[in-house]
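Here's the structure, in structure tokens; my notes come after.
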Amino acid sequence: MNTMRLAVIIALVIISSCSAVALDLSGTWESTYDLGAVTEVMTAEIQQDGDTLLGSYTVVPSEGDEYYGILHGTIDGDSIEAYYVVVVEAGGKIIPAAVTLTRSQIVDEDNLEGTFTVIGGEMDGVSGPFEARRIR
């Protein structure tokens, strides 16, 4: 009987330790966004601390100047919610904008997918699917 109890306890410890190990999304990620007339390739450097994501990114559009900004977000299980903040200069004016990643899912340790939405700026309200892959 003691052997059976010990086996059950060991099994519970193994199961609970496996579920407590979270995937670390720290690294360099690349994603492409179709914004209608313009396609943008984003490279993001992400650091994960617990369930919090912090980092910076650079965007190279198919037309226009490269720009960059900061990002922050959270992870809950295999779901991600992230916000990319940018200040773009256009025509001599500073235009603040943000991109949110909603309904984003961890596909596996090197791939994410979901929906992006632009908030503010000239592309306010533009939305669509995205896929991101870890490149380092």
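Summing charges over neighbours of residue 136, with a neighbour being any other residue whose Cβ is under 12 Å away from its Cβ, gives -1 when K and R count +1 and D and E count -1. Placing dummy labels 7 Å off each Cα toward the beta-carbon, the span from residue 76 to residue 110 is 3.0 nm.
We did not get these values from a lab; they are worked out from the coordinates using the rules stated. All of these numbers come straight from a predicted model, not from anything done at the bench. Quick reminder, even Gly has a Cβ in these numbers, built from the backbone with ideal geometry, and neighbours come from all protein chains shown.
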